[in-house]
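Structure first, then comments.
The values are calculated or read from the model by the stated rules, or taken from the named source; none is laboratory data. Just so it is clear, the structure is predicted and the values come from calculations on it, not from any experiment. No Cβ is skipped: glycine too gets one built from the backbone with ideal geometry, and neighbour counts run over all protein chains shown. Please note that ligands, DNA and RNA were not included when accessible areas were found on the heavy atoms of the full protein model with its side chains. Shrake-Rupley method; radii C 1.70, N 1.55, O 1.52, S 1.80 Å.
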Amino acid sequence: MTGGRVLLSVQGFNPQRWHELLSRSREVVLEPDGPRDPSIEYAVVWKHRPGVLAALPHLKIIFSVGAGVDHIFEDPDIPDVPIVRVVADNLTQYMTEYVVWRVLDHQRQGLTYRAQQARRIWHEPPQPAADAMRVGIMGLGTLGRAAAKALLALGFKLNGWSRSLHTMPGVETFHGPEGLDPFLHSTDILVSLLPLTPATRGIIDYDLLGKLNRDNPLGGAFFINAGRGQLQKDADIVRALDDGLIKEASLDVFETEPLPEKSPLWSHPKVFVTPHAAATSDPIHLVPPMLAQMDAFERGEKLQNVVDREAGY
Ligand code: NDP
Ligand code: OXD
């Protein structure tokens, strides 16, 4: 086997499959050989042990196991090497499915029907069509754009909010802090697909949820978060639901994960919880492009999907 060794440093899941697949063309270790291991050139990480990367004198690239890289910046001591994040059709497809599923479930009143079924109630509430509702996607990046496209095909009206100006056919776009309020005021179903950065941390609070449009055929606003939990304030979501600022929420991510057993979100009748599972990182699809990037880098080619450190995503 030729080329630099790979450190696979992950927490929160079993890395065995990642190890097997990376090992097909690279030597892979779970811990460096000693405090300043010179043989490691690549790190593949998810919530790595803080400090472990800074000690590697020949580290060339850090690969994130996920699309989000906030877990890397939790370590204050990140060496000045490129950070590559996941951009993959397979992950984008998973996220598109999740967003479409949750938007349709709110629009088609799935929570209401499940509550009715539990009480054996045969009742059809008024059913607004997709084009009577406007979905607003916060974060019009790889995942946000794909979700917007799928929702447009179903007939929903679409808003999108991003940091820089974007144009997308069929989508009303807004950008920057000054674009946020007009984006919210005309959004009925808010979907968060933002990265967690210093600029977005805690952005989804009671005040923000209160700015959504409730004057629509479903008589309320809806919130879906599949970006990161620390974008939101969990307690504010509960308060916004209880005060009627939003009617229902679908949450895949939470301020603390796993969601603590005592969290009121678990049992809230208007909340649909999934365990950070909207778009799972499947090594079968994600390891081959990582290995290809290592090879390409060694041939002197340009890296793809490099994180902008200053922006934090
Ligand atoms: P991208 O980097 O492609 O897109 C991020 C988008 O957010 C861009 O449109 C960007 O604006 C926008 N954005 C960033 N900062 C701001 C800001 N301060 N104000 C307004 N807009 C901002 O990321 P992806 O689409 O690939 O992924 C998005 C996030 O989804 C990931 O960071 C991760 O946290 C989350 N995720 C969650 C998963 C899950 O299972 N729950 C799975 C995978 C990802 P601009 O276009 O102008 O740069
Ligand atoms: C990711 C994630 O960032 O799974 O890819 O959350």
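The lysines within cross-link reach of Lys60, meaning a Cα-to-Cα straight distance under 19 Å and a gap of 8 or more places when in the same chain, are Lys47, Lys302. Only Cα sites of the range 163-257 enter the Debye sum here, all with the same form factor; the resulting log10 I(q)/I(0) across q = 0.12, 0.18 1/Å is -0.36, -0.83, listed in q order. Helical runs (DSSP H, four residues minimum) scored at -39500 (n - 2.57) apiece and divided by the length of the chain put the mean residue ellipticity at 222 nm at -8500 deg cm²/dmol. Annotation: per residue accessible area for the range 187-313 equals 46 Å², rounded to a whole number [probe 1.4 Å, protein chains only]. Spherically averaged projected area of the convex hull of Cα atoms, the range 116-203: 7.6 nm².
For the chain, modelled as a GNM whose springs connect Cα atoms under 10 angstrom apart, the maximal fluctuation among Gly229, Gly300, Gly110 occurs at Gly300.
If you find the alpha carbon centre of the range 189-232 and of the range 119-176, how far apart are they in angstrom? Measuring centre to centre over Cα atoms gives 13 Å. Solvent-accessible area assigned to carbon and sulfur over the chain amounts to 53 percent, based on a 1.4 Å probe. Computed over all pairs of different Cα atoms, the Kirkwood value for the hydrodynamic radius of the range 1-71 is 12.2 Å. Counting only protein heavy atoms and a 1.4 Å probe, the range 1-42 has 56 square angstrom of accessible area per residue. For the range 61-129, the list of trypsin sites (Lys or Arg not before Pro) that fall in a loop by DSSP and count at most 15 other C-beta atoms within 10 angstrom reads Arg108, Arg119, Arg120.
Between Ala132 and Asp242, the distance separating the two model label sites (each 7 Å from Cα on the Cα→Cβ line) works out to 3.1 nm. Checking every one of the GluC sites (Glu not before Pro) in the range 6-68 against DSSP loop status and a limit of 16 other Cβ atoms within 10 Å picks out Glu27. Residue-wise HN-Hα couplings along the range 242-253, as the Karplus relation 6.51 cos²θ - 1.76 cosθ + 1.60 with θ = phi - 60° gives them from phi, are 5, 8, x, 5, 10, 8, 8, 9, 10, 10, 9, 9 Hz; Gly and Pro carry x.
Cα convex hull, the range 250-299: 98 Å³ per residue, rounded to a whole number. Legend: P(r) of the range 108-160 from all alpha carbon pair distances, 10 Å bins from 0, whole percents, reading 23, 35, 27, 15, 1. Under Stokes-Einstein, with the Kirkwood radius over Cα pairs as Rh, the value for the range 1-157 at 25 °C and 0.890 mPa s is 130 µm²/s.
When Rg and the Kirkwood radius Rh are both evaluated on Cα atoms of the chain, their ratio Rg/Rh stands at 1.02.
Rg then Dmax, both in Å and based on the Cα atoms of the range 93-239: 15.2, 49. Its relative contact order, with pairs defined as Cα atoms under 8 Å and 6+ residues apart, puts the chain at 16 percent. Over the C-alpha atoms of the range 224-313, the Rg to Rh ratio, Rh being the Kirkwood estimate, stands at 1.17.
Each residue of the range 131-147 is assigned a 3J(HN,Hα), and the resulting list reads 6, 8, 10, 10, 8, x, 9, 8, x, 9, x, 3, 6, x, 5, 5, 5 Hz, derived from the Karplus form 6.51 cos²θ - 1.76 cosθ + 1.60 (θ = phi - 60°), x at Gly and Pro.
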